[in-house]
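Worksheet: one structure, shown below.
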Amino acid sequence: MSAADRLTFEIDGMTCASCVRRVERTLAAVPGVSDVSVNLANETASIAAEPGALPRAVAALNEAGYPAPPRHVTLDISEMTCASCVGRVERALAAVPGVLSAHVSLASERADLDVLGGEAAVERAIAAAEAAGYPTRRHAATAETTGDRKAAEAARQGRLTLIAAALTLPVFLAEMGGHLFPPLHHAIVGAVGQQAFWVLQFVLITTVLAWPGRQFLRKGFPGLLKGAPDMNALVALGTSAAWGYSTVATFAPGLLPPGAVAVYYEAAGVIVTLILLGKTLEARAKGRTGAAIARLVNLRPKTARVRRNGAFVEVPVAEIRAGEQVQVRPGETVAVDGTVDEGASYIDESMISGEPVPVEKAPGAAVVGGTINGTGTLVFTATAVGADTMLARIIAMVEQAQGAKLPIQSAVDRVTAWFVPAVLAAAAATVLAWLVFGPSPVLGHALVAGVSVLIIACPCAMGLATPTSIMVGTGRAAELGVLFRKGDALQALAGVRAVALDKTGTLTEGRPELARLTPAPGQDEGRALRLAAAAEAASEHPVAQALVRAAAARDIALPAATGFAARPGFGVAAEVEGQKVLVGAARLMAQEGIATDSLAAAAAEIEAQGQSPLFIAVEGQAVAVASVADRIRSTTPEAIAALHALGLKVAMITGDGHAPAEAVAARLGIDRVVSDVLPEGKVAALKALQDEFGAVAFVGDGINDAPALAAADVGLAIGTGTDIAIDSADVVLMAGDLRGVARAAAVSRATMRNIRQNLGWAFGYNVVLIPVAAGALFPAFGLMLSPALAAGAMAASSVLVVSNALRLRRAGALPGSPPDRPAPARRAAPAHRPA
């Protein structure tokens, strides 16, 4: 960004002229920022900034309390072929005024930008990428276009491969066949003559380079001249060297030393043909890496029936507005998120929950876009449309995770930054060594070895090793109901040694019911329940709602309560019918100095059953003790067994007393229990577990779990929990199913193992075969690697990396279970309503 560049961007939090002056002073104090103008009406700031000043300005505004929120923009970028391309595009985008950060993924061919400055900055970013030589456009949030683009690319490369093969095959058969069967060579030369034979080869291979191979020359040489060589530069140099030497031998043989007149046209043609074949196979494989997104997108219906002017009419889903009524008939797909107004049916929500059992829907129930209606007809009011629907948010999260750059990638980036220049240097050193020490024909041997080194080096494999595994792994996780909101969580989860679980709503169903109510001697059970339920009526806590439901089940009318006060971790207090009522744990009674001796025996029995006693006190006297039972989820024992099978320790953090917590832990086989934990104490409990075990993942679902989710090495939120918990988490489990934790850990480990395999292959391939191509085997065995074989190895290298990543589509099966298979995009509606 030059001093002459101006940038206008939005500012949050300004309410008056004083705010304007404060923002102006803050920006003016930033080194490199000048000519500051702040507009309160449209809440924007306009500045002139020198290079590097914008991030400092944003940080200063955040510190002053007036954040400048960046826009997240995704661009589709074509014609990137290797890690060098990625680096070039990232540098071009990062230099654009208004671009705070730019991350480019070779696997998905996308760039994710954080941008200040509105549409102008986005257009400048597109122009910068285009100027760097890479066609760029805004990303359309549809996997159909991505899939179509990949298919079109594979088809185009396939056509070019066939053309190159058709032109190269006669040359290859004549030359290689002549080596294997010399009479064939003598017959051809005798029929047309040596010179005519070479001229024919020149015409065919020149056509190969000028037509199918032009893409390598068009990108390779400009990059080389700019000092930014990539894979295309290596191919362009190698093929041009073979072609150029052969052309001199054909038309000006006198320029070459005696004994060095030979042609290598077939090498140039085979190199182009095999690399094009590799790019075709790679494009097809890369198209399959986005299959998970494609399946999600295909859940969206194209049209829906919306009530307009008193009648239901079919309109495109994109035209539905929040608040409109939508009709979904039997077997149809729910178009958008909403709340049922009329009708009753069962809906297949397996795409959200992973559970195959249809869920009953009646007026007041929520429906989710992309789910499949059963046999009934429903009318619902749209509450979220477009990018706000759950399906759209899921797709966005998966796409964001797929484009993430893991910490392991930073080491790869450092290597790939110098890899191509190093290969060029190695090729030059190889040619020089052969010219100095090689046997006759010296020039021919030097050419073959130098070209082989250029061609066999494969920066593409190194560039694809990590992002393709991330794409397939996060896509597979999404199919299993696991969404990685933050890409680095994919790597972090593979390193955890223990999983800490909140009890309520995580281990349990989160819907407790009153299991027992024991009055103190001389007290009335009904009165105790009526007063306790009245005091709890204003609370949204699951235990409070259990008491309210129990009173309703007994047809007990609840009086009004006043002065309600919640005491997190203790209980509640309220005034009911002029009496002070307390409902809570034993610690609340102790805090208030209320004796519970008369209820001690009943409380002990409750704790022995693995439940926590809940005391009810009226006017300073304990009148009853209750127990509220929250059933263990049916899938919890299997989930904990799966975590143990993965070698993970399992801990439970709960506010329950020691005895009931230990009873639950013993029943489920939990390794470590942290009991009597107040909501604000969960972070401290988590820190203690981290000190004991190392990296710890935390699983929770409630508002009071948010700090622990943020403090954990990896936070996993149950998708049926609160928005605050989900926003604080690194990973979201879409179903209220703890088995998702084991699946997430299994996918994470499989993905990281796959990345290490890919990197091991990509680096090992280059380390081993570049010396072989240079002629390392020649002194001992007299063997040299043909440039054609080098091209085949180079093409196969990238294909192997992508193909290996595709194996992750079967990852995530729980230990001892058969491999999970991705759910089909469309499922038939049940023929009959489940009973």
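The values are calculated or read from the model by the stated rules, or taken from the named source; none is laboratory data. Predicted model, so just to flag it, every value in this text is computed and none were measured. Cβ atoms come from the backbone with ideal geometry, glycine included; neighbour counts cover every protein chain shown. Side chains are part of the model used for accessible areas, which takes the heavy atoms of the whole protein and leaves out ligands, DNA and RNA. Shrake-Rupley method; radii C 1.70, N 1.55, O 1.52, S 1.80 Å.
The range 624-652 and the range 521-555 have Cα centres lying 27 Å from one another. Here the sum of -39500 (n - 2.57) over DSSP H runs of 4 or more residues, divided by the residues of the chain, equals -16000 deg cm²/dmol at 222 nm, to the nearest 500. Reported value for the range 184-244: 84 Å³ per residue, from the convex hull of its C-alpha atoms. Simple spin-label estimate for LYS687 and ALA538 gives 3.4 nm between the two label positions (7 Å along the Cα-to-Cβ direction from each Cα).
Calculated on C-alpha atoms, the gyration radius of the range 621-663 divided by its Kirkwood radius gives an Rg/Rh of 1.13. Summed over the residues of the chain and divided among them, the accessible surface reaches 41 Å² per residue at a probe radius of 1.4 Å. Per residue, the average separation of C-alpha pairs within less than 8 Å and at least 6 apart gives the range 509-635 a relative contact order of 32 percent.
On the accessible surface of the range 188-291, probed at 1.4 Å, how many percent belong to carbon and sulfur atoms?
71 percent
Please report, as a whole percent, how much of the solvent-accessible surface of the range 418-507 comes from carbon and sulfur atoms (probe radius 1.4 Å). Ligands and nucleic acids excluded, carbon and sulfur reach 68 percent. Taking all Cα pairs closer than 8 Å and separated by 6 or more residues, the relative contact order of the chain comes to 12 percent. Using Stokes-Einstein with the Kirkwood hydrodynamic radius over Cα pairs, what translational diffusion coefficient do you get for the range 455-580 at 20 °C and a viscosity of 1.002 mPa s, in µm²/s rounded to a whole number? Here the translational diffusion coefficient equals 110 µm²/s. Extension gain, LEU432 to ALA166, is 92.3 nm, computed as 0.36 nm per intervening residue step minus the present C-alpha separation. Using 0.36 nm per residue and subtracting the Cα-Cα separation, the extra length available between ALA710 and ARG810 on full extension is 33.0 nm.
Of the peptides 459-465, 750-756, 617-623, the order by per-residue mean of other Cβ atoms within 10 Å, starting with the highest, comes out as 459-465, 750-756, 617-623. Protection proxy ranking, highest mean first, for peptides 437-445, 791-799, 469-477: 469-477, 791-799, 437-445, where packing is the per-residue count of other beta-carbon atoms within 10 Å, averaged. A simple charge model with +1 on the Cβ of Lys and Arg, -1 on the Cβ of Asp and Glu and nothing else charged puts the dipole of the chain at about 2700 debye relative to its Cα centre.
Our summary of shape: the Cα atoms of the range 540-579 have principal axis extents of 28, 25, 12 Å, ordered from largest down, in whole angstrom.
Stretched out straight at 0.36 nm per residue, the stretch from ASN62 to ARG91 would grow longer than its current Cα-Cα span by 7.9 nm. When peptides 359-365, 106-112, 602-608 are ranked by their average number of other Cβ atoms within 10 Å per residue, the highest-first order is 106-112, 602-608, 359-365.
Add +1 for every Lys or Arg and -1 for every Asp or Glu among the other residues with Cβ under 14 Å from the Cβ of PHE216, and state the total. Taking every Cβ under 14 Å from that of PHE216, the sum is +2. If you wrap the tightest convex hull around every Cα atom of the range 225-309 and split its volume per residue, you get 202 Å³.
Relative to the longest principal axis of the Cα atoms of the chain, the long axis of helix 53-64 lies at roughly 0 degrees. Calculation over all alpha carbon pairs of the range 570-724 in 10 angstrom steps from 0 returns a P(r) of 10, 33, 33, 19, 5, 0 percent. Counting lysine pairs in the chain whose alpha carbons fall under 24 angstrom apart, excluding pairs fewer than 8 residues apart on the same chain, gives 20. Share of antiparallel DSSP beta bridges in the chain, in percent to the nearest 5? In the chain, DSSP labels about 80 percent of beta bridges as antiparallel.
Evaluate 2.2 N^0.38 Å with N set to the residue count of the chain, then give the Cα radius of gyration divided by it. It would help to have the intermediate numbers written out before the result.
Numbers: Rg = 34.1 Å, N = 835, 2.2 N^0.38 = 28.4 Å.
Scaled against compact globular proteins, the figure is 1.20.
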